[in-house]
Structure formats: C-alpha cells, structure tokens
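**Student:** Got a structure for you, questions after.
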Amino acid sequence: MVRAHLWGLFARPQAEWERIRQQRYSIGRVYLTHTLWLALIPPIAGFIGTTQVGWQLGVGDPVKLTVESALRIAVLYYIALLIVAFSVGWMVHWMGKTYGADQPLSQCVALASYTATPLLLSGVMTLYPMLWLNLVIGIPVLGYTVYLFYTGVPIMMEIPQERGFLFSSAMVAFGLVALVALLAVTAILWGMGFEPVIANY
C-alpha cells in the first residue's frame, strides 16, 4: 500500500525510481495505493490546525477558522491536490515528446505522484500553523522534492541524464507558473464565497 515506496524514496531514491519504473503502474493503481491516501494528510492536518490550534499574528489570542469554513477549504484543498498530481503527470507526458521521452501517461502520473511524497508528508506540520516552523521545515522538504524530481525524470522517462536535467528544469519552470495560477484560482474562489471565516468575529 502507501508505504511500499516511502522508505526507498528517502533512503535510496535512484534504486526506488527503478523499482517504480519496472512495476509499470496504471493511473488508478498509483492513486489507489499512494496519492489518494497521502493527499489526505495536508487537508486533515490543516483542518485540525486552523480550527483547534489557530495561529498568532503578534500578541493576542490565536486566530481560528470556523469548522464549516475550514471543512470547505480542506475538501477543496484535497481535490486540488489530486488534480495537480494528474496535471503535472499530463504535462510531463506532453512535454516528454520534446525531449525524446515518449512514456505512457500512467508512468508520468506515477512520476508526479511519487515526487510529491515529501511535500504531502510534510503537510502534517500544519497541525501547528506557525509561519517560522512551516518555513524551517518546508524549505528543506521543497528542496528534497525538487531533488527527487531531478533524480526520477531520467529513470522514469528513460532518457540520458543530461536531457533529463533539461527536461526537469523545464518542468520546474512549469511548476512555478502553475503555482501562480493556483494563487489566482484561490483569489477567484475567495471572491465566490469560499474565503476563510474567522471564528468569534
């Protein structure tokens, strides 16, 4: 199930990518054994953190969200994570032809989903939503996620290391553009009534 590749992705990523490539997962199997479960961590932890713990802006009482507001945001967050995993996989598949890597879409979705493992696991830190803590933990996790992607692309896409580096760099640039687009979608959703509602205000 979920832990099948977890240890390997952290202890020996190159060997683990080889194992994942050889198993030739379908999209459904990747989601059922990995993505659906790990993607639950950030929304559930965020829900608990924002409703039960809260965060502080300077001095004063912690700011918390209402349960209804936090639940709506958590559900949308979960759906967004699942869509992003597939979208990045689709983009890898589409862009792969440019770099001579014509792999099936399922292989590309597996690459995207397993690459996101550190980020999804680090979602547990939102149980205690403090900016400095999230930065201290989040920045190294993001760095390792990028490393996993650069390591995984040549193996999963079956291309030389040099071409894999260029491919990975192009995908990281796409990821930054996608992040800006996600922020824009968030602003639109807030305007449609999905904005956070602070408790006791």
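The numbers here are math on the coordinates, done by the rules we state, and not lab data. Fair warning: this is a prediction, and the values are worked out from it, not measured in the lab. For neighbour counting, all protein chains shown are included, and Cβ atoms are generated from backbone atoms with ideal geometry for every residue, glycine included.
**Student:** For a quick check: sort Ser113, Ser26 by the number of other beta carbons within 10 angstrom, fewest at the front. Don't skip to the answer; put the middle values down first.
**Tutor:** Details: Ser113 26, Ser26 14.
In order of increasing Cβ crowding within 10 Å: Ser26, Ser113.
**Student:** Right, next: Using modelled backbone amide H atoms (1.01 Å from N, in-plane), which distant-in-sequence or interchain residues come within less than 5 Å of Val63's amide H?
**Tutor:** Hits under the 5 Å cutoff: Trp55, Gln56, Leu57.
**Student:** Counting only helical runs of four or more DSSP H residues, what would the 222 nm mean residue ellipticity of the chain come to if each run contributes -39,500 (n - 2.57) and the total is spread over all its residues? Don't jump to the answer; show the numbers that get you there.
**Tutor:** Values: 9 runs with 131 residues, N = 201.
Rounded to the nearest 500, the figure is -21000 deg cm²/dmol.
**Student:** Quick one: what are the phi-derived ³J(HN,Hα) couplings along the range 61-77, Karplus 6.51/-1.76/1.60 with θ = phi - 60°, whole Hz, x for glycine and proline?
**Tutor:** Result, ordered by residue: 6, x, 8, 10, 9, 5, 4, 4, 5, 5, 5, 4, 5, 5, 5, 5, 4 Hz.
**Student:** Nearest 20 debye, what's the magnitude of the dipole of the chain about its Cα centre given +1 on Lys and Arg Cβ and -1 on Asp and Glu Cβ? Could the numbers behind the result be given before it?
**Tutor:** Working: 10 positive and 8 negative charges, 77 e Å.
In total the dipole reaches around 380 debye.
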